[in-house]
Amino acid sequence: MSGTKYVDSEGFLYTAPIREQGNIYKPNNKMMADELSEKPVHDVHTKEIDLVNRDPKHLNDDVVKIDFEDVIAEPEGTHSFDGIWKASFTTFTVTKYWFYRLLSAIFGIPMALIWGIYFAILSFLHIWAVVPCIRSYLIEIQCISRVYSICIHTFCDPLFEAIGKMFSSIRATVRKEI
């Protein structure tokens with residue numbers, strides 16, 4: 001080990017040791033780096049979201065894909081003026097687009113907060129209440145099942161074995177008379 005010299009606030013001379021192999025947390029040599037094999041940390045709270053495909057799991061494919069043609073249609077022989085039809089289409093489409101954006105701007109963050117709290121509570125209850133209760137129940141029922149099994153083997157097995165021996169000597173023959 002070798003080191004650099006420095007002077008502290010009181011004027012004393014010190015040497016700072018430097019590891020030949022590098023810092024133990026960030027090794028310089030290949031062998032030590034392979035031993036530690038650092039893995040990149042992935043933070044789920046800061047992951048990038050896709051701003052183009054906002055429904056990658058296709059949750060709302062069958063629900064909210066409503067276009068003008070799905071709501072308003074004029075049958076053959078009953079048509080309005082072309083200008084009215086185009087204006088109606090534009091009005092419907094633009095109104096739906098901007099009103100959704102307005103509602104999202106006003107209620108999106110509060111609803112995200114509410115749903116975040118709801119799913120946090122649901123996760124908390126599942127982790128800290130439901131699973132421990134189920135595990136506790138399974139442990140307790142295992143004890144009861146052993147007692148039940150002993151009772152069955154003690155009382156029912158001899159009874160059914162005796163009944164089986166009684167009826168085992170019965171022989172049945174089938175004859176067909178013509």
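The values are calculated or read from the model by the stated rules, or taken from the named source; none is laboratory data. On a predicted model such as this, the values are computed, not experimentally measured, just so you know. Every residue, glycine as well, gets a Cβ built from its backbone with ideal geometry; the counts of neighbours run over all protein chains shown. Remember, those area values only see protein heavy atoms, side chains included, never the ligands or the DNA or RNA. Shrake-Rupley method; radii C 1.70, N 1.55, O 1.52, S 1.80 Å.
Assorted remarks:
- The set of residues in segment 65-85 being in contact with a Phe, Trp or Tyr (Cβ under 6 Å, 6 or more places away or on another chain) and either part of a loop (DSSP other than H, G, I, E, B) or of a type in the set (D, E, K, R) (or both) is empty.
- Residue that is farthest from the chain's Cα centre (by Cα), among those in segment 104-132 that are over 20 Å from Arg54 (Cα atoms) and not hydrophobic (A, V, I, L, M, F, W, C): Pro132
- So Phe89, is it open to solvent by 100 Å² or more (accessible area, probe 1.4 Å) and in a helix (DSSP H, G or I): no
- In segment 92-111, the qualifying residues are those that are of a type in the set (A, V, I, L, M, F, W, C) and within 15 Å of Glu69 (Cα to Cα), and the one that is least open to solvent (accessible area, probe 1.4 Å) is Phe92.
- Under the condition of being of a type in the set (Val, Ile, Thr) and open to solvent by 90 Å² or more (accessible area, probe 1.4 Å), the residues counted in segment 122-133 number 1.
- Filtered residues of segment 37-75 (kept if at pLDDT below 75 and open to solvent by less than 80 Å² (accessible area, probe 1.4 Å)): Ser37, Asp43
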